[in-house]
1. Can you give the extra length, in nm with one decimal, that the chain gains between Arg262 and Tyr120 once fully stretched, where that is 0.36 nm per residue apart less the Cα-Cα distance?
2. Once you compute Rg and the Kirkwood Rh from C-alpha atoms, what is the Rg to Rh ratio for region 134-384?
3. Taking 0.36 nm per intervening residue step and subtracting the Cα-Cα distance, what contour gain separates Lys157 from Ala105 on full extension?
4. Distance cut-off 18 Å, Cα to Cα: go down the list Lys135/Lys196; Lys135/Lys184; Lys196/Lys386 and report the pairs above it.
Amino acid sequence: MGSFNRSSGVLKKSNDGARLIITTILGVVFGFFVGVTFPAISVTKLNLPPHVLSSIDVAIIEDRRSGGTNKDLETKPSWIRNSSTENNQSGDPTKIYVETNPRGAELLPPGIVVPQTDFYLRRLWGNPNEDLTIKPKYLVTFTVGYEQRKNIDAAVKKFSENFQILLFHYDGRTSEWDQFDWSKRAIHVSIKKQTKWWYAKRFLHPDVVAAYDYIFIWDEDLGVEHFNAEKYIELVKKHGLEISQPGLEPNKGLTWQMTKRRGDSEVHKETEEKPGWCGDPHLPPCAAFVEIMAPVFSRDAWRCVWHMIQNDLVHGWGLDFALRRCVEPAHEKIGVVDSQWIVHQVIPSLGNQGESEEGKAPWQGVRERCKFEWMQFQSRFADADKQYFAQMVKG
């Protein structure tokens, strides 16, 4: 009996071993077929807790799937291994990289990106959705000194609540303007001894003024007795003007025929100049031309003009001849509004902000800089055109 029991134990152990071997083989075969049948699953697609994901080297797992090795990854700099672009391409749902976002915002979800802003004044309390009882549709900027406060007061009163007022102060005096009720609702930017084009380049980026349909960039010495802003906007829209200005009183020694007011029309878009001045009737100064003292830009036109303004050329001389580059066809979309006209008072206030050098009056130095900038702007544009068309020929 003892001998029989020993034999039965040996037989039982042999059977258990055989079953274990068979089970192992079947498990391997089953696993093989499962691996072939189903696509590889990346741990990056598993909804694991962050503390688990952080302990897994996802980069190594992904690289093995693509045939790489641990050694290959180790030789890459960490900023490449961990870049948002690679994580995005690898399908990592915990990383964000959106190429269509504005430059610099690629790491943000599109739903949180706010690429544009405005000059609307907001409260420090309450529901943000209830801050604004009215949203001005147009922006009016004046570059001012305190000495012209009466003139600016008269001008601002020609604009309704549909117009946001923005004052650029070249003399540094701002608080004194609070004597006017409208000044408390205006935006004030104070930097001494700068021009309106310097301010425009730095504070009127297209994405900053995108909320406004039209942008007025005006001097401080304009008489507006015969001007109505709402009617002006109506005429600009009616005649399809992307860049415009009010007509100028013709008895003030003006240089250009194009910008003189005509008494028999609402708007004009072309004129006749002195013999030899206009080689093409559709080009400045006979068409597609307004002066830089009181221009008005549509939102789309300003986006182009802002990029054309040179950062170091602050007087804007030469811009009036180049504005046509920003609209097409320019001779139809640039014009002068005759029935809403202004008077250029020719007050040399900005010239007095210069400094006397080599015995010259301050205004003389400013005027020389204006002429120099005009030549520089023309030269840069000519060179840029030349380079572009040369590259096009090579391409």
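Bear in mind these aren't lab numbers, they're just calculated from the coordinates by the rules spelled out. Please read these numbers as outputs of a predicted model, since none were measured by experiment.
1. Here the answer is 47.5 nm.
2. Working: Rg = 17.5 Å, Rh = 18.6 Å.
On the Cα set of region 134-384, Rg over Rh gives 0.94.
3. On the way: separation 52, 0.36 × 52 = 18.72 nm, distance 4.07 nm.
In short, 14.6 nm is gained.
4. Lys135/Lys196; Lys196/Lys386
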